[in-house]
Amino acid sequence: MSPSPFIVEWTERIARERGGNPRALDVAMGRGRHAVPLARAGFTTFGVDLRLDAVREAIAAGALERVRVHGWCADLTRHPLARGRFDLVLVSRYLQRDLFPDLRTAVVPGGVVIYETFTTAQRA
């Protein structure tokens with residue numbers, strides 16, 4: 001599956017605005033559909049997913065693109081996100097409402113959370 005054009009546009013914009021070596025977290029990253037473009041845009045990229053096979057595939061996908069994706073296999077209902085560590089936290093096509101407070105505290109002051117989820121049209 002291709003990355004979301006909305007996410008690619010905004011991650012590239014944020015990377016340019018941040019400069020330096022910004023850090024990003026892709027929550028429920030799956031096989032790296034967005035983690036790889038994050039790394040390509042210049043973010044030091046971390047991704048977390050419940051499925052170890054998906055984490056491994058995301059890391060491998062990054063390596064094929066000559067970028068590094070740091071993977072973490074975890075159940076976010078049991079393992080909290082790091083606080084104040086990321087310039088950008090990305091969540092796409094994953095909805096866990098009780099995770100919202102942790103997403104907010106995972107970003108540095110002035111950081112950004114990008115959240116793209118399903119619409120009723122997509123469900124149909």
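The values are calculated or read from the model by the stated rules, or taken from the named source; none is laboratory data. A quick note: this is a predicted structure, and the numbers were derived from the prediction, not measured. Cβ coordinates were reconstructed from backbone atoms using ideal geometry, including for glycine residues, and neighbour counts include every protein chain displayed. To get the accessible areas, we keep the full protein, side chains included, count just its heavy atoms, and leave off ligands, DNA and RNA. Shrake-Rupley method; radii C 1.70, N 1.55, O 1.52, S 1.80 Å.
Set the Förster distance to 25 Å, then compute FRET efficiency between Phe100 and Phe6 from the Cβ-Cβ distance, nearest 0.05.
Values: r = 20 Å, r/R0 = 0.79.
Approximately 0.80, to the nearest 0.05.
In whole Å, what are the extents of the chain along the principal axes defined by its C-alpha atoms, from largest to smallest?
If we take the Cα atoms of the chain, the spans are 35, 32, 31 Å.
Would you please give the residues with an amide H less than 5 Å from that of Val89, counting only those at least 5 places away or on a separate chain, with H modeled from the backbone geometry?
Close amide H contacts, sequence-distant or interchain: Leu25, Val112, Val113, Ile114.
So, with a 1.4 angstrom probe, what is the percent of accessible area on the range 1-118 that is carbon and sulfur?
Accessible surface attributable to carbon and sulfur in the range 1-118 totals 52 percent.
Please compute the net charge surrounding Thr11, taking Lys and Arg as +1 and Asp and Glu as -1 over other residues with Cβ under 15 Å from its Cβ. Each step should come with its number before you reach the end.
On the way: positive: Arg13, Arg16, Arg18, Arg23, Arg33, Arg40; negative: Glu9, Glu12, Glu17, Asp26, Glu65, Asp87, Glu116.
My count for the surroundings of Thr11 gives -1.
What nm distance separates the two modelled labels at Phe118 and Arg16, each placed 7 Å from Cα along Cα→Cβ?
3.4
Using the reciprocal of the averaged 1/r over all distinct C-alpha pairs, how large is the Kirkwood radius of the range 1-60 in Å?
With all distinct Cα pairs of the range 1-60 included, I get 11.5 Å.
Over the chain, what is the relative contact order in whole percent, taking alpha-carbon pairs under 8 Å and six or more residues apart?
So the answer I get is 22 percent.
What whole-number value in Å² describes the accessible area per residue of the chain for a 1.4 Å probe?
On a per-residue basis, 59 Å².
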